């Protein structure tokens with residue numbers, strides 16, 4: 001997270017952020033960033049956040065566990081355009097502590113401080129070798145649960 005990221009009206013405290021800028025291949029026939037690009041960016045910031053917390057793909061493979069997306073929701077609030085610099089934030093929002101977690105996203109365009117997109121993923125812990133749901137291993141609970149944000153008025 002950058003210090004500048006703290007200057008915005010984030011939905012939750014202590015966001016993990018990445019700067020994203022749509023390039024020419026991200027722009028669709030409507031002359032704005034294609035919705036699928038936001039999905040790709042959410043995937044990127046989710047992985048970066050997990051790695052920053054100390055759990056990378058190699059760790060997931062070693063423990064034979066993963067957090068798989070069961071459901072994804074995206075609210076596209078405003079268009080973004082070629083070259084718009086934006087900050088994409090993510091948080092671990094909730095967990096039952098056993099099997100499921102939720103990850104939230106918010107995309108802000110700093111030049112006008114506008115929220116462009118909000119998203120959420122419902123994640124389920126799976127055993128990678130079988131694809132079957134499994135309890136959160138201690139390594140996941142120890143890393144993800146302490147950074148889970150407390151619920152407040154739900155902006156999404």
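Overview of values
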| quantity | calculated |
| --- | --- |
| Count - residues of the stretch 25-52 that are farther than 24 Å from residue 71 by Cα, without any contact (Cβ under 8 Å) to a residue 24 or more places away in the chain and assigned to a loop (DSSP other than H, G, I, E, B) | 2 |
| Among the candidates 131, 72, 119, residue that is at pLDDT 95 or above and more than 23 Å from residue 38 (Cβ to Cβ) | 131 |
| Filtered residues of the stretch 75-97 (kept if assigned to a strand (DSSP E or B) and more than 22 Å from residue 24 (Cα to Cα)) | 75, 89, 90, 91, 92, 93, 94, 95 |
| Residues of the stretch 98-114 classified as part of a strand (DSSP E or B) and more than 23 Å from residue 50 (Cα to Cα), total | 2 |
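The values are calculated or read from the model by the stated rules, or taken from the named source; none is laboratory data. The structure displayed is predicted, hence computed values, not measured ones. Here Cβ is always computed from backbone atoms with ideal geometry, including for glycine, and neighbour counts include all displayed protein chains.
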